[in-house]
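To start, the structure itself, in structure tokens.
Nothing in this text is a laboratory measurement; each read-out follows from the coordinates by a stated rule. A quick note: this is a predicted structure, and the numbers were derived from the prediction, not measured. Neighbour counts are summed over all protein chains in view; Cβ atoms, including those assigned to glycine, are modelled from backbone coordinates with ideal geometry.
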Amino acid sequence: MCGIVGYVGKNKNAMKVLMDGLQCLEYRGYDSAGIAILQNETIEIIKSKGKVSSLSHKLKAKGIVESELGIAHTRWATHGIPNEINSHPHRQGSVTLVHNGIIENYTQLKADLVLQGYSFTSDTDSEVACGVIDSLYKQYRDKHKTLQQANAMFRGSFAFAIVFDDDIKTLYAMRRNSPLIVAFKEDEIYVASDVPAILKYTNKYTLLEQDEYAVLTKHEVEIYSLQGTRREYEIKTAAMEVVDIQKEGFDHFMLKEIHEEPKVVSETMRFYLGDGISDLMSRLPDLSIYKELYMIGCGSAMYACMVAKSLIESKARIKVELEVASEFRYKNPILTKETLVIVVSQSGETADTLASLQLAKENNVDTLAIVNVVGSSIAREAKYVCYTLAGPEIAVATTKAYCTQVALLSLIGLSFSVIYQKVSKKEIEEIINEIKNIENTLSNVVNDGQYEVAAKIISKFSNVFFIGRGIDYALCMEASLKLKEISYIHSEAYPAGELKHGTISLVEKGTPVIAIITQQNILEKMISNMKEVKARGASIIVIASEDLEVDLDIFDYRITIPKSNSYLQAITAIVPLQLLSYQVAMLKGCDIDQPRNLAKSVTVE
Ligand code: M6R
């Protein structure tokens, strides 16, 4: 949700660093982009509607030269349409800034500033924040006091990179509920929304904590608490490398990331499983004290929870409440000492998931975060954290991170089954053997070419339905989200028995209905449901495990997936559905890695 990068350094590398950084951060928002750069001792602002490439063209045409300081931003619009005026950087008086987040009380702050004589050109809360900082600086003439007071006045979330006209050799940064890192190279300092933005230049970084601000010159980094106390910081080394954030010959990051699934799922499962169940138990928190789970996330992360709920309730026989984070955060949940709240998030920065975690903590219950990004806000706030080992995920549509979430949650499910003695030694052995081979199994699914015919059928329609029962319905939810997200085809996921209670009226000649079946015990019911829609003209695409027999006259096209143990079946079943969406989006010529209106990391409500 908006990307920020800033640079100050002796090598006058600002232009290159800022543009490289924006390219890497574009997945966080791509409505518009802009930079503020030091040119002839003044700060020059250049902005452009659209992607970073259009800003690049503009910069070339303007002949902007290298510089020792600059800040830049790529935007996902929250306040005001995506146009040049609303894009960042913003400037008021002697202050220029870029902002990620939402200043919730900006209307009131704006009214106060108008009374002081300020006027605004954009519709953004960010320009108001800029005005507040300028006004406070006029009053205090002290940058520390100004930032501390501004922080106290802002409600909501923010990550800022700021330049003051009377101190053009220094960058200021401040954050709350939006991530910000400071990175280091000799006599060059960077500030960015996340590590990939500066990885080409350095892998040494530190994180700004909640409500901290930093003063950055080419020689020195000072980090202060809100009270103005300077603190020491630890310099971390990023585990990722530049190749991890490149397409490596694939047309899209999404396709590259699907192809990484065999490796990252296997690595995640083997990391936790080690030499067997006792290693697994020792690498997870002590789950034996919990009698009930709440599982919370947004979008695909929530659908991973939905798969886990189905698995854990049916196998381990413990109760799981599933919650959409944006709903949970405003509830008055019934939580007891025996409840474990599990929050799931790839980015670890999703605002609603973070707020849900905070609510759980306020209720004094234990929290476990399943997170992909090391050191992210959610990872740092939870009592326990278990990382998925998916590596950096760049495509806006999650694939490999979702798969590793399901994989790790399945292992948590298995642990509960062991604790509650609901799984036999023999089955545990079978599961472990399958996990040892999972890289192979998934590689075969990823490299299968079965999806193209089905994709052609789907791409001709503007309405699609997914149907399934139990855990397959949870998979339908994720498959449907993936399809609509990247191909812009309207799709709905339904429990297979529910369609006839109203929605079946939308089925007409040719409407694609995709049926997912991985369980023998519901096969007959699914066949009846497929017949119901077939009789009304639907084209049926069935995605079924290899052990299930479905008569040829029932479907128009079948995709067969390997049969796995029920603890692992969801992982293999989702891969064809991701590839199917990808193929459909390709046929429709969509912007697969950066679908319209979206951003990767949703750090606002
Ligand atoms: O970073 P998170 O896992 O918390 O993100 C949650 C959702 O925003 C995310 O899964 C979203 O639904 C994806 N774009 C779906 O592909």
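Give the calculated FRET efficiency between residue 436 and residue 187 to the nearest 0.05, with a Förster radius of 60 Å applied to their Cβ-Cβ distance.
Details: r = 49 Å, r/R0 = 0.82.
E(calc), rounded to 0.05, equals 0.75.
If the viscosity is 1.567 mPa s and the temperature 4 °C, what translational diffusion coefficient in µm²/s does Stokes-Einstein give for the chain when Rh comes from Kirkwood over Cα pairs? List each step's numbers first, then the result.
Details: Rh = 25.4 Å.
The diffusion coefficient I find is 51 µm²/s.
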Worksheet item: In nm, to one decimal, how far is the modelled label at residue 424 from the one at residue 364, with both set 7 Å along Cα→Cβ?
Response: 4.4
Worksheet item: Considering only the other residues whose Cβ falls under 13 Å of the Cβ of residue 503, what net charge follows from Lys and Arg at +1 and Asp and Glu at -1?
Response: -2
Practice prompt. Go from 0 up to the bin containing the longest alpha carbon distance in the stretch 2-244, width 10 Å each, and give me the % of pairs per bin.
Written response: 8, 36, 39, 16, 1, 0
Discussion item. Normalised by the empirical 2.2 N^0.38 Å for globular proteins, what value does the Cα Rg of the stretch 57-192 take?
Written reply: 1.05
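Evaluated at 4 °C with a viscosity of 1.567 mPa s, what Stokes-Einstein diffusion coefficient in µm²/s does the stretch 247-447 have when Rh comes from the Kirkwood expression over alpha-carbon pairs? Before the final figure, lay out the partial values.
Numbers: Rh = 17.1 Å.
Stokes-Einstein gives a translational diffusion coefficient of 76 µm²/s.
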Practice prompt. Return the lysines within reach of residue 58: Cα separation strictly under 19 angstrom, same-chain partners fewer than 8 residues apart disregarded; answer none if there are no such residues.
Written response: 16, 47, 49
Worksheet, complete the sentence: Simple spin-label estimate for residue 546/residue 508, 7 Å along Cα→Cβ, in nm, reads 4.1
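Based solely on its DSSP helices, what 222 nm [θ] is calculated for the chain when runs of n ≥ 4 H residues each add -39,500 (n - 2.57) and the sum is averaged over all residues, nearest 500 deg cm²/dmol?
-11500 deg cm²/dmol
Listed here are the pairs 315/531; 482/600; 509/531; 456/531; which of them are more than 24 Å apart at the Cα? Numbers along the way, then the final one.
Values: 315/531 30 Å; 482/600 13 Å; 509/531 14 Å; 456/531 22 Å.
Flagged as over cut-off: 315/531.
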Worksheet item: What value does the stretch 220-326 have for Rg/Rh, both radii from Cα atoms and Rh as Kirkwood defines it?
Response: 1.09
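Please report the antiparallel percentage of DSSP beta bridges with both residues in the chain, rounded to the nearest 5. The partial results should precede the final answer.
Numbers: 61 of 104 bridges.
So the antiparallel bridges amount to about 60 percent of the total.
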Worksheet, complete the sentence: Taking Cα atoms, the helix 299-315 axis meets the longest principal axis of the chain at an angle in degrees (rounded to 10) of 40
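Contact order normalised by length for the chain, with contacts defined as Cα pairs under 8 Å and 6 or more residues apart; what percent is it? Don't jump to the answer; show the numbers that get you there.
Details: 1358 pairs, mean separation 73.4, N = 605.
So the answer I get is 12 percent.
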